[in-house]
């Protein structure tokens with residue numbers, strides 16, 4: 001009977017406590033809750049009684065972790081306070097601080113737990129007044145993470161007891177007395193102002209509240225909520241004593257900072273990647289989107305909730321079934337992940353390719369999915385690019401297979417992986433007979449040895465092959481002369497190397513080249529005949545004509561003398577023609593031997609050879625520009641001698657004035673020879689370089705008309721070019737360009 005008043009007091013305390021209290025059995029079911037817990041969680045009392053406490057946690061992992069803490073508390077009187085997230089009936093997540101107490105039967109067995117839950121999401125204002133007793137119960141304060149303080153306004157002394165007294169002021173036993181100014185010195189500047197406002201509120205209203213930040217002895221910051229009340233005045237009403245509590249909310253602030261930081265990082269990541277975040281209530285079929293990508297979705301307002309049916313109405317009808325199937329698999333617990341692509345109609349009515357990636361974040365006891373979260377990203381450009389690449393690849397394969405060229409593709413080991421249809425038609429093989437075989441299998445023995453030891457290693461090393469002469473053997477045994485051009489491509493992602501080559505059939509070109517060589521040999525024989533066999537009878541004609549003229553001139557009449565002169569002149573011109581022709585033919589076969597030369601020295605030698613004509617005509621030759629050049633001495637002499645000789649020959653009424661100028665260019669040398677001669681019509685600028693081409697009658701100007709042809713041939717032999725700028729009676733400027741590489745290119 002003596003216990004009844006205590007039980008009644010406990011029942012009253014249970015019902016009227018401002019802290020939420022929940023009582024559970026050992027099977028994790030709710031036995032009882034107080035009104036504060038009903039208000040905190042948003043359920044009715046009937047909805048809570050008998051419910052599994054797992055329903056109040058965001059996920060099963062969180063529940064298992066907390067239930068482990070409560071089991072550990074079974075070995076002690078009360079658990080340590082712990083911070084945990086709870087889910088209200090409306091789905092809102094709240095952060096609470098909880099303390100668990102085990103319930104025992106008469107034999108001491110644990111029959112359940114009682115938990116005191118305090119919402120620290122918005123830091124409720126706890127009006128906890130300290131007693132006027134001199135003793136402060138440190139153990140109770142330590143367990144509640146609160147520090148009691150008592151401020152004597154007459155003496156300016158503040159007594160403290162609790163965790164903050166030790167961490168901030170170094171109290172060895174958790175109790176300390178400090179001056180009010182020393183109290184404020186441990187605060188941040190903003191907190192000092194807040195503390196002064198708290199004092200003002202207590203003096204005016206009797207109570208006050210402030211959020212303060214102290215600097216701990218280890219340099220860290222301690223966040224507290226200071227709640228105080230004026231508890232004693234003197235007989236005249238003057239304030240004497242104020243008391244209150246410092247509630248340490250550092251853990252809660254840390255959670256707030258981490259939550260804000262995580263939210264900032266998430267928002268920045270979504271913004272940078274142009275993504276959207278989604279949350280899907282699988283039970284109630286409700287969705288919510290956030291992030292920059294949401295700008296494309298037709299929603300009534302930003303961040304508005306919508307049903308799964310509405311989302312499906314925005315999808316392409318061919319994709320709706322797949323999206324619904326993936327959602328059902330998560331809801332039924334058959335999968336915890338989703339990765340699905342589909343077409344979504346945006347605000348402008350255009351179709352966008354969207355990919356949803358995520359998974360189930362909350363499950364029911366039977367494993368069914370309750371809530372899923374994830375992201376969506378726009379893959380429209382990626383898929384369109386892939387389609388373009390696929391189209392381009394198909395187009396390339398079509399061109400590769402159908403183009404009328406001998407194309408082939410091989411791997412890094414030289415194995416053929418594909419060939420064009422034209423390659424097969426020219427070589428006479430079927431595709432099955434070619435694919436998978438080494439490319440060197442289709443070469444003649446000699447070309448195979450060269451390719452294996454030289455061409456292929458060089459190709460793999462340099463990544464390119466240019467005009468490699470190889471002989472291929474057809475299926476019927478015929479030999480094809482070919483020029484191979486190829487390049488090696490390396491995939492940046494996989495490192496795989498693929499070679500692409502084209503074979504140019506030069507069989508007919510080779511035949512024409514051999515015919516040309518035969519023709520050149522015949523020309524060489526003709527040159528030999530011209531230099532020996534033709535000149536012998538010509539010398540006799542010349543000799544006998546001279547003898548007749550010396551012995552029988554007095555015995556001949558005028559017609560006979562004239563005929564004899566015609567004979568001597570014709571023989572002389574024939575001799576000159578043969579000499580020029582011989583010189584022209586020998587110039588073609590003469591080897592090119594470039595060397596470093598002085599243009600001034602070479603020109604001086606030519607002036608010596610032409611000295612008689614220069615003196616006779618009063619010719620003036622000047623040299624300007626640079627002097628050193630790298631060229632073939634004989635060929636350059638032929639060029640300068642013929643150009644200078646022509647400038648003297650085709651002079652005007654004035655004495656010849658010839659200017660020779662050379663300048664170095666980026667890839668060679670430019671030599672110009674300018675005169676003040678008679679010039680000619682520019683329409684003949686190309687024809688004058690042809691052999692035996694004359695623009696004037698023989699009786700006006702001597703020569704066979706082969707000088708400029710020799711110049712042209714000497715320039716070509718050194719891979720150069722020649723041009724002329726001229727006008728009738730305005731003189732001419734011949735410009736010769738000789739490249740740095742003057743060696744003659746070989747014809748394949």
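The values are calculated or read from the model by the stated rules, or taken from the named source; none is laboratory data. Everything numeric in this text was worked out from a predicted model, so none of it was measured. All Cβ positions, even for glycine, are placed from backbone atoms using ideal geometry, and neighbour counts span all protein chains on display.
Which residues, counting only those in the range 49-63, are in contact with a helix residue (DSSP H, G or I) (Cβ under 9 Å, 6 or more places away or on another chain) and at pLDDT 90 or above?
Within the range 49-63, no residue meets the criteria.
Could you run through the range 643-656 and say how many residues are in contact with a helix residue (DSSP H, G or I) (Cβ under 9 Å, 6 or more places away or on another chain) and either within 11 Å of residue 731 (Cα to Cα) or touching a residue at least 60 places away in the same chain (Cβ under 8 Å) (or both)?
Looking only at that region, the number is 5.
Would you confirm whether or not the range 461-478 contains a residue that is in contact (Cβ under 8 Å) with a residue 60 or more places away in the chain and within 35 Å of the chain's Cα centre (by Cα)?
Within the range 461-478 (the criterion being in contact (Cβ under 8 Å) with a residue 60 or more places away in the chain and within 35 Å of the chain's Cα centre (by Cα)), the answer is yes, since at least one residue qualifies.
Do we find that residue 377 is at negative phi and not in a loop (DSSP other than H, G, I, E, B) in this structure?
Criteria met by residue 377.
State which residue pairs qualify: first residue farther than 25 Å from residue 676 by Cβ and inside the range 710-729, second residue part of a helix (DSSP H, G or I) and at pLDDT below 85 in any location, beta carbons under 8 Å apart, and separation of 6 or more residues or different chains.
Sorted first by the residue in the range 710-729, then by its partner, the pairs are 713/584; 713/587; 713/588; 717/587; 717/588.
Within the range 175-197, can one find any residue that is assigned by TED's automatic domain parsing to the domain that holds residue 153 and touching a residue at least 60 places away in the same chain (Cβ under 8 Å)?
No, every residue in the range 175-197 fails to be assigned by TED's automatic domain parsing to the domain that holds residue 153 and touching a residue at least 60 places away in the same chain (Cβ under 8 Å).
Looking at (1) modelled with pLDDT of 90 or more; (2) buried (at least 19 other Cβ atoms within 10 Å of the Cβ); (3) outside any strand (DSSP E or B), which one does residue 604 not meet, given that it meets all the others?
Result: residue 604 fails condition (2) only.
Which residue, of 117, 110, is modelled with pLDDT of 85 or more and in contact with a helix residue (DSSP H, G or I) (Cβ under 9 Å, 6 or more places away or on another chain)?
The match here is 117.
Quick one: would you say residue 23 is closer than 27 Å to residue 146 by Cβ and modelled with pLDDT under 85?
no
Among the residues of the range 665-680, write down those that are under 13 Å from residue 734 (Cβ atoms), out of contact with any helix residue (DSSP H, G or I) (no Cβ under 9 Å at 6 or more places or on another chain) and in a loop (DSSP other than H, G, I, E, B).
679
For every residue, the table says whether it meets (1) more than 16 Å from residue 344 (Cα to Cα); (2) in contact with a helix residue (DSSP H, G or I) (Cβ under 8 Å, 6 or more places away or on another chain); (3) buried (at least 18 other Cβ atoms within 10 Å of the Cβ); (4) at pLDDT 60 or above.
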{"position": "259", "(1), (2), (3), (4)": "yes, no, no, no"}
{"position": "273", "(1), (2), (3), (4)": "yes, no, no, no"}
{"position": "280", "(1), (2), (3), (4)": "yes, yes, yes, yes"}
{"position": "293", "(1), (2), (3), (4)": "no, yes, yes, yes"}
{"position": "301", "(1), (2), (3), (4)": "yes, no, no, yes"}
{"position": "307", "(1), (2), (3), (4)": "no, no, no, yes"}
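Against the condition within 59 Å of the chain's Cα centre (by Cα) and surrounded by fewer than 17 Cβ atoms within 10 Å (Cβ to Cβ), how does residue 192 come out, does it pass? Walk me through it before giving the result.
Details: within 59 Å of the chain's Cα centre (by Cα): yes; surrounded by fewer than 17 Cβ atoms within 10 Å (Cβ to Cβ): yes.
The answer is yes for residue 192.
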